Every structure is written in C-alpha cells, then in structure tokens.
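Encoded as structure tokens, the structure appears first; notes follow it.
Just so it is clear, none of the values below were taken in a lab; they were calculated from the coordinates. Keep in mind that this is a model prediction, so the values were computed, not measured. So basically every Cβ, Gly included, is an ideal-geometry build from the backbone, and we count neighbours across all protein chains shown.
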Amino acid sequence: SICLAVDIGGTKIAAALVDSATNHIVDRHQIVTPKSQQPAVFSAALASLLTPFIAQADFVAIASTGIINNGILTALNPANLGGLNRFELVDEIQQITKLPTYAMNDAQAAAWYEFISLTPNNNTHNMLFITISTGIGGGLVLNQQLQTGARGISGHIGHTVVDANGPVCGCGRQGCIEKVASGTAIGELGSALFKRPCTGQEVYQLAFEGNSEALNIIHSSAAAVAELIANLTITLDLDTVVIGGSVGLAPHYCDYIQQYLNEKPEFYRPCIIPAKSGGDAGLLGAAHWFARQES
Ligand code: BMX
Ligand code: ZN
C-alpha cells in the first residue's frame, strides 16, 4: 500500500508518499509551518500541501510536534506553533483526504524508525532518540518497544529542568532544557548577545566563522544535552542514543555531546549516533508504525 506521510514540525511541514513494502519515499514536498493561533489557517495550509497527493494514497500517517492523544494535538509549548495550542489533527486531515488517518508525536515516530534501522540483529534494548530543532523532543524505545504513553506524553524530555533559575519556558515551567538549548533558544541567546534579531542558524554560522561567544552558546547547548543523556542513561539503562533535528545534525554538534559525555564515568555513557534517516525519520517512522495498523 501507499502511505501519505506527514511530518508537522515547528518550522516546516513535510508530506511524502511512502511505499509501505519498501519504506521508500517516492514523492516529497514541504512548506513553512504557518504561525497563527487560528486552527483554520493551519487546516488551509495542510489542505493545499496534501491535496496533490491524495489520489495516490491508501492511508495517512502523521508525525506531529505536540502531545498527540486520541487524534488531538495539544501543544505543550504553544510558542513553537505560533500560539496554536489545540488542533483536531486526525479529524481535520480525514476531512481533507477522506482517507483512514492516524497520528503520533514526531519524535516518537522518528525514534521508531531509527530503532528499526539499527543494524540487523542488534542487541539494543533501550534507545532514546533526541531531536534538537525548533524545540527539543524525544522518543523512547524500552525493551525494544516504542513508548507512546497512555496520554501520548512519553518522551517529552525537552521539558525537563536543567536550570531551576532559568527563563520561563512556553510550557509554563522554569528552566526547561528546550528553553535553554533548542535551536530557538540558541537564536534567543544570540539575539541577546549581539543585540539584534538572530536565528539559531546564524549563531551556528558565526560560531564556525570563529566567533568564540557564538561557539560558547553552541557548547552550552551540547553540554546541557549531554547532562540530560547522562541522567536518562542512569535512570533507564540506555544502550544507544540517536541524535536528530536541524541543530542535532549540524556539523560537530554530536562530537560536542560526545566530548562532554567523555568527561563522565562509564555508566553514564551510552553509544551516541546521528540519525540515519536525517530529516526523514519522522515521515518514515509514522508510515511504518501505522502500516501495521492498516494491514
Ligand atoms: C516540543 C513539543 C514536542 C515536540 C518537540 C520537538 C509542542 C508543540 N511540541 O517540545 O511535542 O516533539 O517540541 O518538536 O509542544 P519540533 O517542532 O522541534 O520538531
Ligand atoms: Zn517547557
């Protein structure tokens, strides 16, 4: 069967046709995520993105930012979606496509695909996928089973606290790692430092042009992620941590995480690897996860 896979992130929305027999993407298109509190604006953007693909698809599989429970998207951090905090995701997309539609969290979907992509006969039992992008998301595979959580919350590691006196996160909590180490946070820290609006990407660029203050911002992000990895490794007995997202996959970011982990005792150091499917892990993960439901 052919799956219409959709990946809704804080920065972009991607749609692709995925052949369920081979897990290959046959056609792909993406748009910028609309920044509006109005669900109707969001629905309209999705309708124009998805319409060209509908005729060729048998079902729809969505990987989306936010807590996905019973087909409803609830933003833990509404700031990532321009203030939109509740959206009837499955209902809306079913109305647009008239196809069977399923949805799960983006990082959970990516975790699933990265897990099944680990070398065959791998003996990984407990794996964490972390995306460092607009926000910081996570997906946990424990005893080789993807954890989605009874309410869809499992894996929301971006909202664990790393600085009790830190800035207030869009979720309402103070000092979340997402507020101090995500791509958005890197941009905010750069803007404060250089006294002009800066994106995370610009800070990264400056760091590689030799600006040491910009490089310090990138390093504190990687150091915070390394602490998070150490905490979760000693809690869950992780074997492997897969790193994804535009920041996570940027040049040297993984090496920096590894450097900070190398300073810790052995029990705190799982195997760190970059996401094999890069930016497509969410699309492919949702397609694979829900193809099982369809067959
Ligand atoms: C946020 C949260 C997570 C998501 C993560 C990464 C919202 C809207 N999203 O922590 O559900 O997995 O960001 O999302 O609350 P991305 O948009 O950066 O890929
Ligand atoms: Zn938070």
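Starting from the amide H of A103, placed 1.01 Å from N in the peptide plane, find each other amide H under 5 Å away whose residue is 5 or more places distant or on another chain.
The list, which skips near neighbours in sequence, is I62.
Of all beta bridges DSSP finds with both residues in the range 123-248, what is the antiparallel percent, to the nearest 5?
Here the share of antiparallel DSSP bridges comes out near 70 percent.
Determine the principal axes of the Cα atoms in the range 1-136, then give the extent along each, sorted from largest to smallest and rounded to whole angstroms.
Largest to smallest, the principal-axis extents are 46, 34, 25 Å.
Per q in 0.10, 0.18, 0.19, 0.24 Å⁻¹, report the Debye log10 I(q)/I(0) for the range 187-295, using one uniform scatterer on each alpha carbon and no solvent.
-0.38, -0.94, -0.99, -1.21
Mind giving me the nanometre distance, one decimal, between the label points for R173 and E213, set 7 Å out from Cα along Cα→Cβ?
If labels sit at R173 and E213, their model points lie 3.1 nm apart.
Of the beta bridges DSSP finds with both residues in the chain, what % are antiparallel, to the nearest 5?
60 percent
Return the loop-located GluC sites (Glu not before Pro) in the range 184-224 (DSSP other than H, G, I, E, B) with at most 12 other Cβ atoms within 10 Å of their own Cβ; answer none if there are none.
E209
Please give the contour-minus-distance gain from L142 to N70: 0.36 nm per residue of separation, less the Cα-Cα distance, rounded to one decimal in nm.
Working it through step by step, the gained length comes to 23.7 nm.
Using the Karplus curve 6.51 cos²θ - 1.76 cosθ + 1.60 with θ = phi - 60°, work out ³J(HN,Hα) for each residue of the range 280-289 in order, rounded to whole Hz, and write x for Gly and Pro.
9, 4, x, 4, 5, x, 5, 4, 5, 4
Let me know the charge dipole size of the range 106-241 about its Cα centre in debye, to the nearest 20, where only the beta-carbon of Lys, Arg (+1) and Asp, Glu (-1) is charged.
Charge dipole, the range 106-241, about its Cα centre: 320 debye, nearest 20.
I want to verify the translational diffusion coefficient of the range 137-260 in µm²/s; compute it with Stokes-Einstein, Rh as the Kirkwood radius over Cα pairs, at 10 °C and 1.306 mPa s.
My calculation gives 104 µm²/s for D.
Report, in deg cm²/dmol and to the nearest 500, the calculated mean residue ellipticity at 222 nm for the chain, where each DSSP H run with n ≥ 4 adds -39500 (n - 2.57) and the sum is divided by the residue count.
When only DSSP H runs of four or more count, the value is -11000 deg cm²/dmol.
Only loop residues by DSSP count here, and only those with at most 14 other Cβ atoms within 10 Å; note down the GluC sites (Glu not before Pro) in the range 237-295 that meet that.
The qualifying sites are E263.
Quick check: from the Cα gyration tensor, does the range 79-221 come out rounded (a/c under 1.5), prolate or oblate?
It comes out prolate by the Cα gyration axes.
With no solvent and one equal point scatterer placed on each C-alpha of the chain, evaluate the Debye formula and give log10 I(q)/I(0) for q = 0.06, 0.07, 0.11, 0.16 Å⁻¹, two decimals.
-0.18, -0.25, -0.62, -1.29
Out of the GluC sites (Glu not before Pro) in the range 81-133, which ones are loop residues according to DSSP with at most 10 other C-beta atoms within 10 Å?
Counting only loop positions with at most 10 other Cβ atoms within 10 Å, none of the GluC sites (Glu not before Pro) in the range 81-133 qualifies.
Students often forget the sequence filter, so: which lysines lie under 21 Å Cα-Cα from K35 once same-chain residues fewer than 8 apart are removed?
Cα-Cα hits under 21 Å: K12, K179.
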